[in-house]
Amino acid sequence: MKNGMNRRSFLKTTVAASAAFSAPLIIPSRLLGADAPSNRIRVAQIGCGRIAHGMDMPGVIKTGAADYVAVCDYDSRRAEHAKAYIEKSRKSKSPEIKIYGDYKEILARKDVDAVVISTPDHQHAEPAAAAALAGKDIWLQKPLAMCVSESRACYDTVAKSGRILMIGSQQRSSEQFRKACEYVRSGRCGKITHVEIGLPKDETKADEAEQPVPATLNYDAWLGPTPNVYYCEQRVHSQKLGKNGEVDVDSRPGWLRNEDHTLGMITGWGSHHFDILHWGLGIVEGGPEKVEGEAEFPTNKIWNVHLGYKLQYTYPGNIIVNVSDKFTNGIKFIGEEGWIFVARGAEKVTASDPTAGQKPVKFFCASDPKLITGAPTVELYKSTNHHKNWTDCLVSRKEPITPVGNGHYVFSACAIGWVAMKLKRPLKWDSKAEKFIGDDEANSMLKRAERPGYGVFNLLAKQKA
């Protein structure tokens with residue numbers, strides 16, 4: 001999408017592209033007809049940890065448009081806690097909420113319209129693709145996947161199914177991010193030459209020894225497609241109980257610092273800020289042309305995601321994008337006529353969100369206040385509530401503000417940055433072919449091995465058999 005394209009043109013283009021690429025969009029018959037207002041969306045929750053309790057379950061409930069009918073987690077205590085949370089939060093006791101230990105049982109239910117996937121990163125692509133194949137619509141926490149090929153496979157599967165998948169990259173539904181991108185796209189800064197992205201960094205600590213697997217945790221299923229390694233609480237999530245026996249779903253889980261389960265902050269927070277980068281630059285498909293970077297990687301085996309880091313991307317038009325934990329957390333668009341900076345400020349999605357890299361700055365400012373005042377000439381897709389946008393689109397069948405294609409291209413940009421940090425050398429990227437140019441070692445890192453029985457590629461192979 002080029003700068004200056006108005007909203008009407010954007011919507012016409014998006015609808016046309018969707019029609020050309022996707023199967024016909026299907027809405028459950030219960031949601032149609034004269035009595036449609038009384039037929040609410042029936043939703044199941046897959047993954048009942050920190051982000052589910054801190055963002056997704058309350059977000060879906062507050063839309064007033066959906067009813068939870070099922071919850072699923074490989075830790076049975078978390079599933080039970082989620083059921084109790086939903087029953088306490090909603091006004092009506094019906095419909096009944098059932099607990100499952102395997103998401104495939106949920107997908108087999110014909111009365112479930114949509115699923116909310118709030119699992120660890122390594123458990124995103126497979127259940128999302130499986131849900132699409134089962135005819136369910138999907139809310140999926142970012143990032144879309146763990147490697148570029150996995151992301152592409154999930155994207156293609158969802159697109160061909162005609163189901164709606166929305167990425168939980170909620171910054172697009174925050175007014176300051178939308179306005180910043182509208183002003184940038186309206187040319188307020190002149191030609192964009194440079195962008196600075198500030199992200200937090202993670203920490204490490206000594207490895208814990210092997211521990212007995214809790215009786216309430218299906219550890220093999222939790223590992224999914226990742227290597228079969230010994231269990232310890234540091235690797236998964238807290239097993240602590242509060243004074244009243246409540247489950248700890250507030251603390252930041254250990255899997256967020258292990259490379260088997262996430263790539264670290266480059267995709268964790270990076271998915272959010274690269275999403276705004278692409279929105280501000282008008283990128284719908286494609287991505288950077290070059291990337292180079294370096295990072296400190298700990299020698300520990302469990303908390304081993306990158307620590308401090310810096311990256312430099314080159315985007316089409318010779319736009320240089322620098323990413324570092326040393327920058328203020330946010331996105332700064334720099335042009336020939338000024339700059340615009342936007343960030344969350346002190347806003348947190350969950351209580352344990354990291355704050356490293358954040359400084360006390362205005363969350364929306366510019367080199368000249370005039371750059372961010374008055375009406376922009378470019379208007380972008382407007383959403384004021386991310387979960388409500390999703391439920392609205394499930395009924396209207398319109399494309400949500402963060403669709404699956406958006407999630408794929410944003411994740412890919414972050415993921416090739418991780419490859420560059422690992423290899424510590426400049427890499428050329430062909431965004432159309434989704435391969436590095438002339439670098440076999442780098443290309444080998446675009447796919448990950450999957451344990452038998454798990455993972456999106458094993459899922460798709462089973463479908464074809």
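The values are calculated or read from the model by the stated rules, or taken from the named source; none is laboratory data. All figures in this text were calculated on a predicted structure; none of them were measured in a lab. No Cβ is skipped: glycine too gets one built from the backbone with ideal geometry, and neighbour counts run over all protein chains shown.
Of note:
- Every residue from region 149-167 that is surrounded by 24 or more Cβ atoms within 10 Å (Cβ to Cβ) and either more than 18 Å from ARG397 (Cα to Cα) or charged (D, E, K, R) (or both): GLU150, SER151, CYS154, ARG163
- Near pairs, Cβ below 7 angstrom, 6+ apart or cross-chain, from region 278-295 (assigned to a helix (DSSP H, G or I)) to any residue that is surrounded by 18 or more Cβ atoms within 10 Å (Cβ to Cβ) and of a type in the set (Gly, Ala, Ser): GLY280/ALA180
- Pick from region 174-196, criterion surrounded by 23 or more Cβ atoms within 10 Å (Cβ to Cβ) and assigned to a strand (DSSP E or B), ranking: nearest to the chain's Cα centre (by Cα): VAL195
- Filter pass, ASN406 being closer than 29 Å to HIS261 by Cα, modelled with pLDDT of 95 or more and surrounded by fewer than 18 Cβ atoms within 10 Å (Cβ to Cβ): no
- Count of region 245-269 residues, restricted to those that are over 19 Å from LEU311 (Cβ atoms) and not in a helix (DSSP H, G or I), is 12.
- Here GLY245 clears all of (1) of a type outside the set (A, V, I, L, M, F, W, C); (2) outside the structural domain of GLY187 (by TED's automatic domain parsing); (3) in contact with a strand residue (DSSP E or B) (Cβ under 8 Å, 6 or more places away or on another chain) except the condition numbered (3).
- Some residue of region 101-115 being at pLDDT below 95 and within 19 Å of LYS388 (Cα to Cα): no
- Filter pass, LYS432 being in contact (Cβ under 8 Å) with a residue 24 or more places away in the chain, surrounded by fewer than 17 Cβ atoms within 10 Å (Cβ to Cβ) and farther than 19 Å from ALA295 by Cα: yes
- Residue in region 323-376 that is surrounded by the most Cβ atoms within 10 Å (Cβ to Cβ), counting only those that are more than 25 Å from GLN141 (Cα to Cα) and modelled with pLDDT under 55: LYS359
- GLN171 falls short on exactly one of the conditions (1) outside any loop (DSSP other than H, G, I, E, B); (2) under 17 Å from TRP255 (Cα atoms); (3) touching an Asp or Glu at 6+ places or on another chain (Cβ under 7 Å), and that condition is (2).
- Residue satisfying all of: in region 197-213; in contact with a His (Cβ under 9 Å, 6 or more places away or on another chain) and part of a loop (DSSP other than H, G, I, E, B); surrounded by the most Cβ atoms within 10 Å (Cβ to Cβ) among these: LEU199
Residue-by-condition table, conditions (1) of a type in the set (A, V, I, L, M, F, W, C); (2) more than 20 Å from LYS179 (Cα to Cα); (3) not assigned by TED's automatic domain parsing to the domain that holds ILE41:
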site: ALA366; (1), (2), (3): yes, no, yes
site: ILE372; (1), (2), (3): yes, no, yes
site: ALA375; (1), (2), (3): yes, no, yes
site: GLU379; (1), (2), (3): no, no, yes
site: ASN389; (1), (2), (3): no, no, yes
site: ASP392; (1), (2), (3): no, yes, yes
site: LYS398; (1), (2), (3): no, yes, yes
site: CYS414; (1), (2), (3): yes, yes, yes
site: LEU423; (1), (2), (3): yes, yes, yes
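- When every residue of region 299-317 is checked against the conditions, none turns out to be without any contact (Cβ under 8 Å) to a residue 60 or more places away in the chain and either crowded, with 23+ Cβ neighbours inside 10 Å or in contact with a His (Cβ under 6 Å, 6 or more places away or on another chain) (or both).
- Taking the criterion of being over 18 Å from GLU126 (Cα atoms) and not in a loop (DSSP other than H, G, I, E, B), the residues of region 85-112 that qualify are TYR85, ILE86, GLU87, LYS88, SER89, LYS98, ILE99.
- Of all the listed residues (LYS447, LYS428, LYS432), the sole one being outside any helix (DSSP H, G or I), in contact with a strand residue (DSSP E or B) (Cβ under 6 Å, 6 or more places away or on another chain), of a type outside the set (A, V, I, L, M) and modelled with pLDDT of 95 or more is LYS428.
- Complete set of residues in region 235-253 that are surrounded by 20 or more Cβ atoms within 10 Å (Cβ to Cβ) and of a type outside the set (D, E, K, R): VAL236, HIS237, VAL247, VAL249, PRO253
- Which numbered condition GLY280 fails, given (1) within 30 Å of ASP56 (Cβ to Cβ); (2) surrounded by fewer than 17 Cβ atoms within 10 Å (Cβ to Cβ); (3) at pLDDT 95 or above: (2)
- Residue satisfying condition, being assigned to a helix (DSSP H, G or I) and out of contact with any Leu (no Cβ under 9 Å at 6 or more places or on another chain), within set ALA82, ALA70, ALA145, ALA129: ALA82
- Residue satisfying all of: in region 106-135; among the charged types (D, E, K, R) and in contact (Cβ under 8 Å) with a residue 60 or more places away in the chain; surrounded by the fewest Cβ atoms within 10 Å (Cβ to Cβ) among these: ASP111
- Residue in region 214-237 that is assigned to a loop (DSSP other than H, G, I, E, B) and either among the charged types (D, E, K, R) or within 22 Å of ILE334 (Cα to Cα) (or both) present: no
- Condition met for VAL419 (modelled with pLDDT of 95 or more, within 23 Å of the chain's Cα centre (by Cα) and within 17 Å of LYS104 (Cβ to Cβ)): no
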